[in-house]
Amino acid sequence: MNTVDVAAAIPIPTPVPIPLETPAQPPSRLHTFISWTLGPLYIAAGIGIFMGVHHYMPMSPFMTYIVMNAFVIVMTQVLELVFPYEKSWRKPDDQFFNEIASTFLSATVGHKIGKTIAFACFGWFLTWSRANGGGAAAPWWPTSIPFALQVLLAFVIWEFGLYWNHRFMHGWAWRYHSLHHKLRRLSWINSGYGHPMNFLLTSLFSYTALSFSGAPVDVLIFTGYLSLSINFLSHANIDVKMGYLNLFLNTPELHRWHHVRDPESAGRNYGTQLIIWDLVFGTYYLPKDRLPSRDLGDDTPAPSSYLAQLLAPFRWVQSMSWKPVIPDQRMAFLPARAPERRASPE
């Protein structure tokens, strides 16, 4: 039996649909008020932190990144403790230390390597386009529009790379992304839980898109800072109602559907920070008449130790298969609904 035959013989458990939960009783008026106001306030606070650090604590971009991360992490952790979406998610599980190691090691290392490769391969285009533009930006970049709109445009271009990378991860690169979908709870601490190759490819896709945008350096830097303002929001265990912001940002309300074991939400909400490309390509999902289950994660087997998790994708004969959880799911480059997850026969 050759390697391909062995890989094909690895069983892929069919995900079992989880009954959707609804609140046992309606929340109080005060709770509802806080839920609806906390999300926008979180975004405003993140942007405020960014503006404050930039104006009153001038430092290198790297140090600004570190300081902003620290502020946003503290803010998110406090809100998870005092106003959680699911109280049981505050308790560490058996993967807690792996989540910490991955968030602060795998995500950082993979991100830096992917970013370096992207700019090493395509940075020449950025330099060439700016040189031909006679300034800091490529000739086609709209430098005449307000700076804030330039940052927003760069953000949308960046998210385009992130969106298609995420769809790629749910297809042929599932062996690198599947670890992230083993999470049984959502929290800012496991927003970076995954394989280093996952983050390398993510950075490669997104920064390649930015390289070809021709945006000036200051716009790119501000785009990165803005992303930090909402970086942990989608994974945060905070009970927020985002309202119309669900049409612009990848909010906790949207991202929970991406992680839940529900056949109807499979292949949906791929946006990382913005949700615009899900709306464009037909993968947006937010039902109004029900809530996602609190029971998360797929059922594909995976090693328990962090080192084994790092090695597993490179060993096709081990428990983590290279195949997608959805066997017939492939890249779909047309605006169409992703194939549904196969449900277990009753």
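Taken together, the residues in region 77-101 that are under 21 Å from the mean Cα position of the chain (by Cα), outside any helix (DSSP H, G or I) and closer than 14 Å to residue 38 by Cα amount to 2.
For beta carbons closer than 6 Å, sequence separation of 6+ or different chains, a first residue in region 161-174 that is under 17 Å from residue 273 (Cα atoms) and a second that is modelled with pLDDT under 90 and of a type in the set (Val, Ile, Thr), the qualifying pairs are 165/202. Taking each residue of region 92-117 that is modelled with pLDDT under 80 and looking for partners that are β-branched (Val, Ile, Thr) and crowded, with 20+ Cβ neighbours inside 10 Å with beta-carbon atoms closer than 8 Å, six or more apart or interchain, yields 103/189; 110/202; 111/202; 114/202. Listed conditions (1) part of a loop (DSSP other than H, G, I, E, B); (2) modelled with pLDDT of 90 or more are all met by residue 154, apart from (1). The set of residues in region 186-203 that are touching a His at 6+ places or on another chain (Cβ under 7 Å) and either of a type in the set (Asp, Glu) or part of a loop (DSSP other than H, G, I, E, B) (or both) comprises 186, 187, 191, 193, 194.
From 88, 35, 28, which residue is of a type outside the set (A, V, I, L, M) and modelled with pLDDT under 85?
Going through 88, 35, 28 in turn, the sole match is 28.
Please specify each residue of region 241-276 satisfying the condition of being within 16 Å of residue 170 (Cα to Cα), crowded, with 21+ Cβ neighbours inside 10 Å and in contact with a Gly (Cβ under 8 Å, 6 or more places away or on another chain). Answer for region 241-276, where residues must be within 16 Å of residue 170 (Cα to Cα), crowded, with 21+ Cβ neighbours inside 10 Å and in contact with a Gly (Cβ under 8 Å, 6 or more places away or on another chain): just 259. With respect to the conditions (1) more than 20 Å from the chain's Cα centre (by Cα); (2) surrounded by fewer than 13 Cβ atoms within 10 Å (Cβ to Cβ); (3) modelled with pLDDT of 80 or more, residue 3 lacks only one, and its number is (3).
Return the residue satisfying two criteria in turn: it lies in region 165-185 and is hydrophobic (A, V, I, L, M, F, W, C) and assigned to a helix (DSSP H, G or I), and of such residues it is nearest to residue 238 (Cα to Cα).
Here is the first cut: in region 165-185, the ones hydrophobic (A, V, I, L, M, F, W, C) are 168-169, 172-174, 179, 183.
Those still in the list that are assigned to a helix (DSSP H, G or I) too: 168-169, 174, 179.
On the way: 168: 29, 169: 26, 174: 28, 179: 23 Å.
By that ranking, first place goes to 179.
When region 175-227 is examined, which residues are found to be among the β-branched types (Val, Ile, Thr) and under 22 Å from residue 157 (Cα atoms)? Please lay out each step first, then the result.
Here is the first cut: in region 175-227, the residues among the β-branched types (Val, Ile, Thr) are 189, 202, 208, 217, 219, 221, 223.
Across region 175-227, the qualifying residues are 202, 208, 217, 219, 221, 223.
Can you find a residue that is of a type in the set (Gly, Ala, Ser), more than 26 Å from residue 244 (Cβ to Cβ) and not in a helix (DSSP H, G or I) anywhere in region 49-62? First the steps, then the outcome.
At the first step, the residues of region 49-62 found to be of a type in the set (Gly, Ala, Ser) are 52, 60.
Restricting the remaining residues to those that are more than 26 Å from residue 244 (Cβ to Cβ) gives 52, 60.
Cutting the leftovers down to not in a helix (DSSP H, G or I) gives us 60.
Yes, region 49-62 contains at least one residue that is of a type in the set (Gly, Ala, Ser), more than 26 Å from residue 244 (Cβ to Cβ) and not in a helix (DSSP H, G or I).
The test for being buried (at least 20 other Cβ atoms within 10 Å of the Cβ), in contact with a helix residue (DSSP H, G or I) (Cβ under 9 Å, 6 or more places away or on another chain) and farther than 26 Å from residue 266 by Cβ holds for residue 229. Among the residues of region 75-99, which ones are surrounded by fewer than 16 Cβ atoms within 10 Å (Cβ to Cβ) and among the aliphatic types (A, V, I, L, M)? Of everything in region 75-99, those that are surrounded by fewer than 16 Cβ atoms within 10 Å (Cβ to Cβ) and among the aliphatic types (A, V, I, L, M) turn out to be 78, 81, 82.
The values are calculated or read from the model by the stated rules, or taken from the named source; none is laboratory data. Only a predicted model underlies this, so the values are computations on that prediction, with no experimental measurement involved. Positions of Cβ are backbone-derived with ideal geometry, glycine not excepted, and every protein chain shown enters the neighbour counts.
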